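Structure, as structure tokens:
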Amino acid sequence: MLKNKYGHFSDGGASYTVTDWRTPRPWINVISNGQWGVTISQAGGGYSWLEHSMLNRITRWQQDTVGDHCGKFLLLRDNDTGQSWSITPQPLKPAFEKYSCVHGMGYTVFNTQANGFEAEWTIFVPQGMKCEVWTLKLKNVSGKKRNISLVSYLELLLGFFPDWHREFHNLFVKTKFDKKTNSILADSHLWTAPLPGDAGWNKGWPFTAVFAASAAPSSYTCDKEEIFGAYNSWHDARFLKEGGALSGRTGMGFEPVVSMKFDFELADGETKDINFILGALKHETFAKDYPAYIKALRKPQALLKETKEYWLEICNRFIVKTPEPAVDALINYWLKYQTISCRLLGRTAYYQCGGAFGFRDQLQDSQLWLALDPARTKAQIKEHATHQKKDGTVQHWWHPISEEGRFTDISDDLLWLPFVVAGYISETDDFGILKEKAAYFDGGSGTVYEHCVASIERVLKRLSPRGLTLMGEGDWNDGLNGVGVKWKGESVWLAQFFVVVLNSFTELCARQDKNNKRAARYKLAAQNLKKALMKHAFKDDRFMLATKDSGEILGVEACKQGKFHLNPQTWAVISGLVDGVQAKKLMAMTERRLYRDYGVLLFTPAYSVVDKNIGYLTRYAPGIRENGGVYTHAATWAIWAQALAGNTEKVYETVARLCPPLLSMKDADKYKGEPYVTPGNIEGPESIHEGKGAWTWYSGSSAWLFKCVTERLLGVRVEHGKLIVDPRLPAQWDGFTMERLVRGKRTRITVGKPVGVVTENYKIKTETL
């Protein structure tokens, strides 16, 4: 299914099988249950964390998407010949006779064969547990009896990442072996995470890390030097060359690793199973919780089955069947999994190792839950509201555990609260959320409605003398952080977005305020913004980007670079600022200037000269990320705009240009990124790697691509509590079916049309199941 030179979708799209491990960049899985998390690549690289991938990293890892050499490994050694190899490609890169890596929802499985041994290694994160479980199945297929050692290896961090002072932090880690449970236990006497009220370096790590096996190891060590010797790498590691027993060293005063060795003989055709668990438990509950984790070693298959069923049940709440398998795989499985496991629960990946919540980021991500479990969106709304002050300003980001955050002058963050609240109410008809309380960051509490109003009122105070919204430290595009720092520069996109927010909230205000004054005021404000935009922001047959604090205009032909920008065009249509013929003309110009066969550019041409008064996006290499590349998050809005403009054929065409499976099938070496998740960006024409997908997984584009494909291409959405079916299908499609929840009831939608024509007349059938 959707095969390229390195792999293919499997299990009907619910998993991805890598068949050649030398992919152009690491193709990873991000597995998280909201407490424990794992990243793991097709080569075996990756890391583990508890609750926060930066403040509470468990294992060491170095960010290197070229080498991808850091991870947790299982190795085999033939004790008769001295030959050693790894079960995964890293770290020894064996010449596999067979290889596959299956990334699934909640798990990854390696199936390899080398030097006469078959190995199946499964790594998964069970729900409700602070651990990952490994199951290993070995089979001797060499035709003779073998004397083998299995060696596990991982490096301990136990605290703050990045590990910039490794020699210092090594001094605080203490390990011991628990013979009763076949476990190595690790603690650290120092945790440098800045906790609330205690940012100093005089507190211990309040957890105990556990690495346990289902069988007793023949020997073990926690000293890295014993494994490698001085100056050696994996290919000349002392222990693999010399063999023999490990010393059993534990304690303190050396570079801490966890390595167990299991010696055994296997006859030809004989198999051996060993299970492992890696986790971390709080000191105060360790004695109570630890037995359940050790018990998990005896029933891993039951836990794996529960894990798979958990993710499949979530995904099966919204299922489509279209003529394009790539759309089905993304909508049915991977966009949901990427958004939930990576963006909402893990908040980390390979390109960005974060852990923080972004006010605008996870609010937008939570829109995915509206069609699956709206209560999750509601919970996200209320959580974000607590990071707002009474004056309407919000934290741009904050870190759980430390509760450290930053209030900024970025001007769009606060408006995503009323935007998502309005979307939640439109989907659920749950007006009761407006009366629910949430604390203010600076004390006291208010209703969700009052929080939203505080956001809107703050932005209404941030209008220029011309009536446009002020840029501040950046609008949606953080990279425009030099445009309006003096609160004089204007943002055109923000004004358009504000029109959407004001219009959506006008009706809500009418329900909440009996005298209707606020509703009338917001309606008038939206009208005034539209007038100001048409009078001051429409230049050269397009909407300009912004004005600097100096008054200089950005995003017009007179500019040397950055002449034409995407967001002001798409949101002119989305906001209703233009429609009909004018909307079609604007989108036609957008196609001519920004459409490429690998996506829709954020703007063109890219900046090659740094301009401090524009911002840090001009400091990127040209054509990369926000500097003239495809920024996938923004590019998805072009799908929405094309649908509203009535450009039916262009809707699917835009989807196809942004579809990772199709881009990877076209040229996997050029695209480089994983075919099963969205990238944060695809590099543009000025880049030496034009068409390269990067910053994969940790991207706000996944939830938006799901929303735009399902609501605008397929045209199925709930507005004001009522089901709307308004497709925009390409000529080559004959229709589709969808099953989804509509206000808690599973509903099947069937849409049909003749092949070979574009039409607005569809055969539509809906039924409650």
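Answer with yes or no whether residue 493 is within 22 Å of residue 613 (Cα to Cα), surrounded by 18 or more Cβ atoms within 10 Å (Cβ to Cβ) and among the aromatic types (Phe, Trp, Tyr). Here the answer is yes, as residue 493 does meet what is asked. Listed by first and then second residue, the pairs with beta-carbon distance under 8 Å, at least 6 apart or on different chains, first residue in region 382-406 and under 24 Å from residue 424 (Cβ atoms), second among the charged types (D, E, K, R) and assigned to a loop (DSSP other than H, G, I, E, B), are 382/436; 389/442; 390/442; 398/404; 400/51.
Quick check on my filter: what residues within region 720-747 are charged (D, E, K, R) and either under 22 Å from residue 652 (Cα atoms) or open to solvent by less than 20 Å² (accessible area, probe 1.4 Å) (or both)? Selection gives 726, 728, 734, 739, 740.
When 694, 638, 668, 621 are screened for being touching a Leu at 6+ places or on another chain (Cβ under 8 Å), of a type outside the set (Asp, Glu) and in contact (Cβ under 8 Å) with a residue 24 or more places away in the chain, only 638 passes. Of everything listed in (1) touching a residue at least 24 places away in the same chain (Cβ under 8 Å); (2) over 23 Å from residue 624 (Cα atoms); (3) touching a helix residue (DSSP H, G or I) at 6+ places or on another chain (Cβ under 6 Å), the single unmet condition for residue 489 is (3). Just one of the listed residues (48, 100, 84, 53) is at pLDDT 95 or above and closer than 21 Å to residue 235 by Cα, and it is 84.
For region 443-460, check the following and say yes or no: at least one residue is open to solvent by 30 Å² or more (accessible area, probe 1.4 Å), modelled with pLDDT of 95 or more, part of a loop (DSSP other than H, G, I, E, B) and on the phi < 0 side of the Ramachandran plot. Within region 443-460, not a single residue is open to solvent by 30 Å² or more (accessible area, probe 1.4 Å), modelled with pLDDT of 95 or more, part of a loop (DSSP other than H, G, I, E, B) and on the phi < 0 side of the Ramachandran plot.
It is to be established whether one or more residues within region 595-604 are in contact with a strand residue (DSSP E or B) (Cβ under 9 Å, 6 or more places away or on another chain), within 20 Å of residue 486 (Cβ to Cβ) and touching a residue at least 40 places away in the same chain (Cβ under 8 Å). No, region 595-604 has no match at all. Checking each residue in region 603-652 for being under 24 Å from the mean Cα position of the chain (by Cα), open to solvent by 10 Å² or more (accessible area, probe 1.4 Å) and hydrophobic (A, V, I, L, M, F, W, C) picks out 621, 624, 640. Scanning region 387-420 for residues that are β-branched (Val, Ile, Thr), open to solvent by 20 Å² or more (accessible area, probe 1.4 Å) and within 22 Å of the chain's Cα centre (by Cα) yields a total of 1. Strands (runs of 3 or more DSSP E) fully within region 377-442 that include at least 1 residues being of a type in the set (D, E, K, R): 405-407, 437-439. Six or more apart or on different chains, Cβ under 6 Å: which pairs go from a residue in region 284-295 that's on the phi < 0 side of the Ramachandran plot to one that's of a type in the set (D, E, K, R) and open to solvent by 60 Å² or more (accessible area, probe 1.4 Å)? Could you list them? Cβ pairs passing all conditions: none.
Cβ separations smaller than 8 Å between residues 6+ apart or across chains give the following pairs from region 182-210 residues that are surrounded by fewer than 17 Cβ atoms within 10 Å (Cβ to Cβ) to residues that are in a strand (DSSP E or B) and modelled with pLDDT under 95: 203/195. Whether any residue in region 270-281 is surrounded by fewer than 20 Cβ atoms within 10 Å (Cβ to Cβ) and either aliphatic (A, V, I, L, M) or part of a helix (DSSP H, G or I) (or both) is what I want to check. Scanning region 270-281, I find no residue that is surrounded by fewer than 20 Cβ atoms within 10 Å (Cβ to Cβ) and either aliphatic (A, V, I, L, M) or part of a helix (DSSP H, G or I) (or both), so the answer is no. Check whether at least one residue in region 14-26 is open to solvent by 20 Å² or more (accessible area, probe 1.4 Å) and at positive phi, and report yes or no. No: zero hits.
Whether a residue is in a helix (DSSP H, G or I), under 19 Å from the mean Cα position of the chain (by Cα) and crowded, with 20+ Cβ neighbours inside 10 Å was assessed, and residue 703 passes this test. Checking each residue in region 458-486 for being of a type in the set (D, E, K, R) and in contact (Cβ under 8 Å) with a residue 12 or more places away in the chain picks out 458, 462, 466, 473, 475, 478, 486.
Would you call residue 53 touching a strand residue (DSSP E or B) at 6+ places or on another chain (Cβ under 9 Å), closer than 20 Å to residue 129 by Cβ and not aliphatic (A, V, I, L, M)? Yes; evaluated as a whole, the condition is true for this residue.
Looking at 655, 751, can you tell me which residue is in a strand (DSSP E or B), crowded, with 17+ Cβ neighbours inside 10 Å and at negative phi?
Being in a strand (DSSP E or B), crowded, with 17+ Cβ neighbours inside 10 Å and at negative phi holds for just one of 655, 751, which is 751.
Selection within region 522-531: residues that are of a type outside the set (A, V, I, L, M, F, W, C) and out of contact with any Ser or Thr (no Cβ under 9 Å at 6 or more places or on another chain). The member of this set that is most open to solvent (accessible area, probe 1.4 Å) is 531.
Quick grid of which residues meet (1) assigned to a helix (DSSP H, G or I); (2) under 20 Å from residue 478 (Cα atoms); (3) in contact (Cβ under 8 Å) with a residue 40 or more places away in the chain; (4) open to solvent by 30 Å² or more (accessible area, probe 1.4 Å):
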residue: 518; (1), (2), (3), (4): yes, no, yes, yes
residue: 549; (1), (2), (3), (4): no, yes, yes, yes
residue: 568; (1), (2), (3), (4): yes, yes, yes, no
residue: 577; (1), (2), (3), (4): no, no, yes, no
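Among residues of region 68-97 that are in a strand (DSSP E or B), those with a beta-carbon under 6 Å from a residue that is basic (Lys, Arg) at least six positions away or on a different chain give the pairs 84/77. Of the candidates 544, 589, 534, the single residue that is free of Cβ contacts under 8 Å to residues at least 60 places away in the same chain, surrounded by fewer than 16 Cβ atoms within 10 Å (Cβ to Cβ) and either under 30 Å from residue 693 (Cα atoms) or within 32 Å of the chain's Cα centre (by Cα) (or both) is 589. Which residue is least open to solvent (accessible area, probe 1.4 Å), if the candidates are limited to region 302-358 and must be part of a loop (DSSP other than H, G, I, E, B) and more than 29 Å from residue 384 (Cβ to Cβ)? The qualifying residue least open to solvent (accessible area, probe 1.4 Å) is 322. Taking region 56-95 as the range and being buried (at least 20 other Cβ atoms within 10 Å of the Cβ) and closer than 17 Å to residue 245 by Cα as the test, the residues that pass are 74, 75, 76, 77, 84.
Inspection of region 465-479 identifies no residue that is out of contact with any Pro (no Cβ under 7 Å at 6 or more places or on another chain), part of a helix (DSSP H, G or I) and open to solvent by 30 Å² or more (accessible area, probe 1.4 Å).
The values are calculated or read from the model by the stated rules, or taken from the named source; none is laboratory data. Treat the numbers as computed from the prediction; the structure is a model and nothing was measured. When we count neighbours, we look across all protein chains shown, and the Cβ atoms used for this are built from the backbone with ideal geometry, even at glycine. These area figures cover heavy atoms from the full protein model, side chains too; ligands, DNA and RNA do not enter into them. Shrake-Rupley method; radii C 1.70, N 1.55, O 1.52, S 1.80 Å.
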